[in-house]
Amino acid sequence: MLKAIAIDDEPLALEVIKSHASKVSFLDLQETYTDAFKAIDYLQQQEVDLLFLDIKMPDISGMEFATLLRNKPMIVFTTAYSEHAVKSFELDAVDYLLKPFSLARFTKACTKANELWQLRNNMQVQDYLFIKTGYEQVKVFLEDILFLAANGNYITFQLEGEKHLSRMTFNEAEALLNKNFIRVHRSFIVNKEKITKIERHQLTLGTSLVPIGSSYAENLMIK
């Protein structure tokens, strides 16, 4: 079952989410918050799979809040403003709910998150994955991957001496990985075991250099 919390500065909006969540059998909405900073304390102490996150909040925006999270759960943004859709997917949101949203639309977002969660948990017990490249599927061991790089609708899996290009989203690719992999940039995920040098703005992995995004520096404890 998906463990979730919701953050929105409007109590009525949280009541809508509570009502919808009670009708989704695989969703466990554990807490709701009108204060985003109180939610941070909860997220630091409890494991959460899914976060319903309002974008327009008085003290901190949902976009800013998402970049503060080290162990980021899956995120579904909720907002009354459609202009934030593109930015939300740049932050790898599972979905984007435009208020007022129906139970059907809410359930669709939850289903997407559940499918991703199932994929992620089923793959964690394996130490390899099959990467679809064109008409072929190539077996790759996770320990051999240096990093993943996103380019449009394609992901490059970079290994030492070879690379594989596959058509998939970053969310789909991230779901295939284990806890040795961390996000260091909007377009890069790296294998922590392969990092040989950490600088302020870049990492060295073998003979490759990978940039560090400013909003992801905390993942590496870089000041």
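The values are calculated or read from the model by the stated rules, or taken from the named source; none is laboratory data. Given the structure is predicted, the values throughout are model-derived calculations rather than measurements. With ideal geometry, Cβ positions are generated from the backbone for all residues, glycine too; neighbour counts draw on all protein chains shown.
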One residue from Thr79, Thr32 being surrounded by 19 or more Cβ atoms within 10 Å (Cβ to Cβ), in the same structural domain as Thr111 (by TED's automatic domain parsing) and touching a strand residue (DSSP E or B) at 6+ places or on another chain (Cβ under 6 Å): Thr32
Residue satisfying all of: in the range 55-84; hydroxyl-bearing (Ser, Thr, Tyr) and in a helix (DSSP H, G or I); nearest to Ala4 (Cα to Cα) among these: Thr67
Test: residue in the range 101-108 that is among the hydroxyl-bearing types (Ser, Thr, Tyr), at pLDDT 90 or above and over 13 Å from the mean Cα position of the chain (by Cα): yes
Leu14 aliphatic (A, V, I, L, M) and closer than 18 Å to Tyr216 by Cβ: no
Within the range 1-32, tally of residues that are of a type in the set (A, V, I, L, M) and in a helix (DSSP H, G or I): 6
Residue that is closer than 16 Å to Asp49 by Cα, without any contact (Cβ under 8 Å) to a residue 12 or more places away in the chain and either polar (S, T, N, Q) or in a helix (DSSP H, G or I) (or both), where the choices are Asn171, Asn121, Asn178: Asn121
Number of positions in the range 183-217 that are charged (D, E, K, R) and closer than 23 Å to Glu172 by Cα: 5
Qualifying residue in the range 181-188 (condition: of a type in the set (Gly, Ala, Ser), modelled with pLDDT of 90 or more, within 29 Å of Leu50 (Cα to Cα) and assigned to a strand (DSSP E or B)): no
Residue check for Phe52: part of a helix (DSSP H, G or I) and aromatic (Phe, Trp, Tyr): no
